[in-house]
Amino acid sequence: MKKRERAKRKDNIIFLPGLEKRLTDKGLESLQNKRYKEAITLLEEAMVHDPENSDILIGLVLAYFEAGAYIKAKDLANEMLLKGIGEYFHMVDLYLTILIQLHEYQEIVSTIEALFDEKEIPPDRHDHFLTILQFSKRMADNSQQEPMEEVKEETHLKELKLSSLKNLNEQMLAISSLAEKNIRPYMDEIKEYLNSDPGHPFLKTMLLTLLKEQEYDKKIVVKKFSEDLSVVPTELPDIQTQPRMKVIENILEAKLENSDPVLFENMKGMVERIFFISYPFELKPEAVSAWAAAFHLLVLDYLGGEPDVDDISDEYEISTEKIEQALAKIRELEEISYPNI
């Protein structure tokens, strides 16, 4: 017979058995659902009861990061590395990602050089860390020169060298570095990348978002899925509020939010992924009901159900042919929706 777990006592407060697990589960669920402040509250409390639980701590680092509390994320990730909590190189990657967000390139250089000095890097990750090291050295050098050459640099052509970075991770790091810079000195290279076949659609969306945020108001050509589109970034809809995307989400919400909210959240996540990768293109078919039906059908299939396309066609009042057309495009985009980083 299994023994009952005894209640824990801390500072004269009695905690019920399994409390930390419930807090952890709820915290990670909040993190997954992008309720970051709620996740932080729950996971911080869970950490009090189980201060070296890697699931709690990694979840808390991610919640801090997503909430914009980068210093807290950095300090906790560093503490985990020092204590050997979590899978080591996963934590190193997480720590480096936070440092990049903070633009602490010299710290990145020191961290990676220490790994090389200690010969701790596995052979299959050698190039990965070497590329980040080289990138961070360039960024660290630039940041040291900026106070003296601030005016001069703005007038000179700058390069991201995206085409020379074969690893998608490094391309994303280079693009992310533009978030707090004037993007205009890099426009020749950005235009070339946006209009190139090899450029990844995910990274092209990132660039368009940056151009819109920095109020770039000149025409540029974007190529995705073998199609060209001429756009003015300032005239593009916000990525989170694309009109067709919101209409599709509203159709699905009306169908499912009350009867199956979990299924609806899964569909909403897929809708947002597909519209992120296809932004700013309007995909065919034009009928939003076909897209809503296709998302419904595909998520049911992913969750192990056996959906009938004829039933879905009747429910959404759209032809099976148009549903199949939308379904084929969604499956194609799901294959490339996020770079393997």
26 Å Cα-Cα threshold exceeded, pairs from LYS204/LYS322; LYS137/LYS161; LYS218/LYS268; LYS34/LYS246; LYS255/LYS284 | LYS204/LYS322; LYS218/LYS268
Pairwise Cα inverse-distance average, inverted: Kirkwood Rh of the chain (Å) | 23.2
Distance in Å, no decimals, from the C-alpha centre of segment 32-84 to the one of segment 218-269 is 31
Hey, which aspartates and glutamates would be in cross-link range of LYS26, C-alpha to C-alpha under 20 Å, not counting anything within fewer than 8 residues on its own chain?
-> GLU38, GLU44, GLU45, ASP50, GLU52, ASP55, GLU66, ASP260, GLU265
With Rh as the Kirkwood radius over Cα pairs, segment 170-241 has Rg/Rh of 0.92
Of all accessible heavy-atom area on segment 197-332, the percent that carbon and sulfur account for (1.4 Å) | 46
Before anything else, pin down the relative contact order of the chain: Cα pairs under 8 Å, at least 6 apart, normalised by residue count, whole percent.
-> 9
Using the heavy atoms of the protein chains and a 1.4 angstrom probe, tell me the accessible area per residue for the chain in square angstrom.
-> 57
Check ASN195: other-chain or 5+ apart residues with amide H under 5 Å from its amide H, H built from backbone geometry?
-> LYS223
Would you mind classifying segment 40-82 by shape? Square roots of the alpha carbon gyration tensor eigenvalues, ordered a ≥ b ≥ c; an a/c under 1.5 is rounded, otherwise it is prolate if a/b is larger than b/c and oblate if not.
-> oblate
Determine the equivalent ellipsoid of segment 262-341 by diagonalising the alpha-carbon gyration tensor, then write out the semi-axes as square roots of 5 times the eigenvalues, largest first, rounded to whole Å.
-> 20, 15, 10
Between ASN169 and ASP117, what FRET efficiency comes out of the Förster formula 1/(1 + (r/R0)^6) with R0 = 25 Å and r the beta carbon distance, rounded to 0.05?
-> 0.65
Rule-of-thumb check for segment 43-129: C-alpha Rg over 2.2 N^0.38 Å?
-> 1.11
Computed over segment 159-245, the relative contact order (Cα-Cα under 8 Å, seq sep at least six) in percent reads 23
Pull out the extension gain between GLU44 and LEU81, defined as 0.36 nm times the separation in residues minus the alpha carbon to alpha carbon distance; nm, one decimal.
-> 11.5 nm
Rh_Kirkwood(segment 169-211) over Cα pairs, Å, one decimal, evaluates to 10.5
What 222 nm value per residue comes from the helices of the chain, counting each DSSP H run with n ≥ 4 as -39,500 (n - 2.57) and dividing by all residues, nearest 500 deg cm²/dmol?
-> -20000 deg cm²/dmol
Can you tell which of GLY84, MET187, PRO122 lies farthest toward the positive end of the dipole of the chain, using +1 and -1 charges on the Cβ of basic and acidic side chains (Lys, Arg; Asp, Glu)?
-> GLY84
Inter-label distance for ILE336 and THR234, nm, one decimal - labels placed 7 Å from Cα along Cα-to-Cβ | 3.1
How large is the dipole of the chain about the Cα centre if only Lys and Arg carry +1 and Asp and Glu carry -1, each at its Cβ, rounded to the nearest 20 debye?
-> 820
Please turn the phi angles of segment 282-295 into ³J(HN,Hα) values with the Karplus equation 6.51 cos²θ - 1.76 cosθ + 1.60 (θ = phi - 60°), one per residue in order, whole Hz, x for glycine and proline.
-> 9, 7, 9, x, 6, 5, 5, 5, 5, 5, 4, 5, 5, 4
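The values are calculated or read from the model by the stated rules, or taken from the named source; none is laboratory data. None of these values were measured; they are calculated from a predicted model. Cβ atoms come from the backbone with ideal geometry, glycine included; neighbour counts cover every protein chain shown. Accessible surface is based on the protein model in full, side chains and every heavy atom, while ligands, DNA and RNA are left aside. Shrake-Rupley method; radii C 1.70, N 1.55, O 1.52, S 1.80 Å.
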